[in-house]
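Down below is the structure, laid out as structure tokens.
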Amino acid sequence: MPCVELGYRLAFEHWGHGYATEGSRAAITFGFATGGLTEIVAMTAVGNERSQRVMERLGMRRNPADDFDHPNIVSGHRLRRHVLYRLTATSGPLANRKRGHRRVIVRTRKSSCF
């Protein structure tokens, strides 16, 4: 089943400044308000606790039953196991607000939902 995945990558010197959270909030708002999406997902390796904290700050929720072994990473590699977070339009940042008219340009990537 196709889905839209939230993703971000920052150079190390820009970590810890809130850029991932700020950019992700804008992308999520755009996806739900303008794109009409019903769900946005995000994934990361189990050991990437910083990204998991960003996802949690965004209101995304993880169900351990959705965790998976990434098919493009060889068996036994420390980054193979991934966690999956989800956010729905009814639980997201716009759930209790009227749609805004803010214009945001984002790039999304379609991937398979797990």
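The values are calculated or read from the model by the stated rules, or taken from the named source; none is laboratory data. Here the structure is a predicted model, which means the values were calculated and not measured. So basically every Cβ, Gly included, is an ideal-geometry build from the backbone, and we count neighbours across all protein chains shown.
Observations on the model:
- Among (1) at pLDDT 95 or above; (2) not in a loop (DSSP other than H, G, I, E, B), the one test that His17 misses: (2)
- Yes/no for Leu58 being within 9 Å of Tyr85 (Cβ to Cβ) and in contact with a helix residue (DSSP H, G or I) (Cβ under 8 Å, 6 or more places away or on another chain): yes
Here is a yes/no grid of residues against (1) within 18 Å of Val4 (Cα to Cα); (2) free of Cβ contacts under 8 Å to residues at least 40 places away in the same chain; (3) touching a Ser or Thr at 6+ places or on another chain (Cβ under 7 Å); (4) exposed (fewer than 14 other Cβ atoms within 10 Å of the Cβ):
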position: Ile40; (1), (2), (3), (4): yes, no, no, no
position: Met43; (1), (2), (3), (4): yes, no, no, no
position: Arg50; (1), (2), (3), (4): no, yes, no, yes
position: Arg57; (1), (2), (3), (4): no, yes, yes, yes
position: Ala65; (1), (2), (3), (4): no, yes, no, yes
position: Phe68; (1), (2), (3), (4): yes, no, no, yes
position: Arg78; (1), (2), (3), (4): no, yes, no, yes
position: Tyr85; (1), (2), (3), (4): yes, no, no, no
position: Thr88; (1), (2), (3), (4): yes, no, yes, no
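- Leading residue by the ranking (nearest to Leu87 (Cα to Cα)) among those in region 3-25 that are hydrophobic (A, V, I, L, M, F, W, C) and free of Cβ contacts under 8 Å to residues at least 24 places away in the same chain: Leu10
- Criterion violated by Ile28 - all others in (1) assigned to a helix (DSSP H, G or I); (2) closer than 14 Å to His82 by Cα satisfied: (2)
- Taking the listed residues Gly31, Gly18, Gly23, the one that is farther than 21 Å from Thr90 by Cβ and buried (at least 16 other Cβ atoms within 10 Å of the Cβ) is Gly23, with no other qualifying.
- Of all residues in region 60-89, those that are within 22 Å of Phe30 (Cα to Cα) and assigned to a loop (DSSP other than H, G, I, E, B) total 2.
- Every residue from region 50-105 that is over 21 Å from Gly18 (Cα atoms), among the hydroxyl-bearing types (Ser, Thr, Tyr) and modelled with pLDDT of 95 or more: Ser75, Thr88
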